[in-house]
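Here's the structure, in structure tokens; my notes come after.
Just so you know, all these numbers are worked out from the coordinates, no wet-lab data involved. Remember, predicted model here, so these are calculated numbers, not experimental data. Using ideal geometry, Cβ is built from the backbone for each residue, glycine included, and neighbour counts are taken over all protein chains shown.
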Amino acid sequence: MKLWQFHGGLKLNGHKSLSSESQITPANIPPLLVLPLLQHIGEPTEAVVKVGDKVLKGQVIGHCREKDCSFLMSTPIHASSSGTVVAIENCPVPHPSGLTAPCIVIETDGEDKWIERTPIADYSTLSPTQLLYHIAKAGIVGLGGAGFPAHIKLSSKSIETLIINGAECEPYITCDDRLMREYPHDIIAGAQIISHVLGGTQRCVIAVENNKPEAYQALSEAAEGQLEVVLVPTRYPTGGERQLIQILTGKEVGRTELPAARGIVVHNVITARAVYRAVQYGRPLVSRVMTVTGKGVEKPQNLEVRFGTLMRFLIDQCGRGKARIERLIMGGPMMGFALPNEEFPIIKTTNCLIVSPADEIEKTPEPMPCIRCGACAQVCPVNLLPQQLYWYAKAKDFNKAQDYHIFDCIDCGCCAHVCPSHIPLVSYYRYAKAEIRASSQEHKQAEIAKQRHEFRTFRLERNKNERKEKLQKMKETSNASKEAAIKAALERTKAKKEQVASNEQK
Ligand code: SF4
Ligand code: SF4
């Protein structure tokens, strides 16, 4: 099959052997689950349980604001084990902002008792819309990336090509690799269901990097020629949605375009399996496979972890190393972010935890001034000008940063990786994007406040005018009735006088 190339990218040291040979094992049930009400991109859910409620595994505890969530930018949250709700409060959530957010805290009972589930015996008998609704109710989000609700992408129309992304290109992470090796049939079945929901795509391609031969073989055998399984080059960030589309189809998805506009939908292998399990077993998304790795744990491994499990509990399960943990990264070393401690819950988008003692952390030299060498632009897979973005972000010239397409930056970190001046470029971009978003939010709120003020002024003015008109009318009515009364009295007097005169004549 003909493959294309994307601009830039890097060959990275994978560090994958730390965990790649560890079979997927279920993580233990933790005593406490902390489940954020927002674990996806979109609208947060609302708690539909209260403190003291008993819950079962798979029970909806956070619901979209409207009952039918299949067409909203939201997706429900389910209890990931059975137990009792002990708190609904703000807790630390794993996010670069370091903020807290509303969470439901469940004390588990150790029974892990499921709610009654509704599997679908033969999905081909259901319409795409019925399946879409089932998937939306299962709380499935894109598990390979930012957590975009899966049903939104699945409701795209006129899709010709479905790409199942098995290009796990970030160093250290091996959960997708293990999933492809151990559960290839689930992934193939999930891809077929997704294709059916999309109205039957002409092509379905599963892409695997060429450094994962076992995964490629397992998927090829399971596919039995029904789907294409393709080896793609091992080059970071091949697993990026737009980069993978370009490699497989030669199509460049434009800056303001969505892949669906080009007739393409991409889902990760782990999302395909989640769809399969939701349909085949009626299993809502309550857990995921993730990698816990780094020299800070004695046994790096791939675990199936219930959402809400605290990182501390997982690190203990993997064997806390003797050396003090100096750095904890959620995600990969390129696109992930450091957390200040282990008291954060695993959420739907947590694919990896890298636990590092001091001797695993490369000392980064102090940043030096930019020498305009242009190395960053050569490796940028989105064809941006990273040094310009850096200048404008640093100078807080956010309009210029937007002119240079800062929101197209995928935070891949290639530019910072090659920068000879060791400038933490991605931190500048993240800062600029956060500031722009905050000011656009402020702008929106100011606009809403202005509109409210204008409407209030208009309403007061309108009420004043209405009152004035009413008074005027009352006045006019009263004047008219006074005049009529006087006229009537005068007529009565006149008639009386005429009567008296006529009597006198008689
Ligand atoms: S790689 Fe670093 S030093 Fe070179 S142009 Fe980019 S930001 Fe400047
Ligand atoms: S982090 Fe952004 S600017 Fe830097 S290489 Fe990646 S996409 Fe380009």
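Of note:
- Each residue of the range 461-470 was assigned a 3J(HN,Hα) from its phi angle through the Karplus curve 6.51 cos²θ - 1.76 cosθ + 1.60 (θ = phi - 60°); the sequence is 4, 4, 4, 4, 5, 5, 4, 4, 4, 4 Hz, with glycine and proline shown as x.
- Amide hydrogen proximity for ASP53: with H placed 1.01 Å from N in the peptide plane, the residues at 5 or more positions away or on another chain lying under 5 Å are VAL85.
- Here the label points at HIS185 and ALA395, each 7 Å from Cα along the C-beta direction, are separated by 6.2 nm in the simple model.
- D (Stokes-Einstein, µm²/s), Kirkwood Cα radius, the chain, 0.692 mPa s at 37 °C: 126
- Sorted fewest first by neighbouring Cβ atoms within 10 angstrom, ASP53, ASP186 come out as ASP53, ASP186.
- C-alpha center-to-center spacing [the range 386-439, the range 10-44] in angstrom: 28
- Using the Karplus relation 6.51 cos²θ - 1.76 cosθ + 1.60 with θ = phi - 60°, the per-residue 3J(HN,Hα) values for the range 434-441 come to 4, 5, 5, 5, 5, 6, 5, 5 Hz, with x marking Gly and Pro.
- Taken along the Cα-to-beta-carbon direction at a fixed 7 Å, the label points for ALA485 and ARG327 span 9.3 nm.
- Calculated over the range 373-506: convex hull of Cα atoms, volume per residue (Å³): 119
- In range of the label at GLU362: residues from the range 1-43 whose backbone nitrogen is under 18 Å from the point 7 Å along Cα→Cβ: 9-18
- Between LYS473 and SER440, the C-beta separation translates, for a Förster distance of 35 Å, into a calculated FRET efficiency of about 0.15.
- Long-range HN-HN contacts of SER81 with modeled amide H, under 5 Å: GLY58
- Ascending count of other beta-carbon atoms within 10 Å, so fewest first, for LEU219, LEU384: LEU384, LEU219
- For the range 449-506 and the range 236-251, distance of Cα centres in Å: 80
- On the basis of the beta-carbon distance and an R0 of 30 Å, SER127 and VAL48 show a calculated FRET efficiency of 0.60.
- Contour excess over end-to-end distance, with Cα ends at ARG255 and ARG117 and 0.36 nm allotted per residue: 45.5 nm
- Nearby lysines by direct alpha-carbon distance to LYS468 (threshold 22 angstrom, same-chain neighbours under 8 apart not counted): LYS482
- The angle between the Cα long axis of helix 213-223 and the main principal axis of the chain comes to about 60°, on a 0 to 90 degree scale.
- Using the rule -39500 (n - 2.57) for each DSSP H run of four or more residues, divided by the residues of the chain, the 222 nm mean residue ellipticity is -11500 deg cm²/dmol.
- Evaluating 6.51 cos²θ - 1.76 cosθ + 1.60 at θ = phi - 60° for every residue in the range 163-178, the Karplus couplings come out as 10, 9, 8, x, 8, 8, 8, 6, x, 6, 7, 9, 5, 5, 4, 5 Hz, glycine and proline recorded as x.
- Listed residue (THR118, VAL197, ILE173) projecting farthest to the positive dipole end of the range 91-209, Cβ model: VAL197
- Amide H partners (placed H, <5 Å) of ILE423, local residues excluded: MET368
- Prolate/oblate/rounded call for the range 16-147, Cα gyration tensor, a/c under 1.5 rounded: rounded
- Inter-probe distance in nm under a simple model that places probes 7 Å from Cα toward Cβ, at CYS373 and ARG456: 5.7
- Charge tally in the Cβ shell below 11 Å around TYR216, where Lys, Arg are +1 and Asp, Glu are -1, TYR216 excluded: -2
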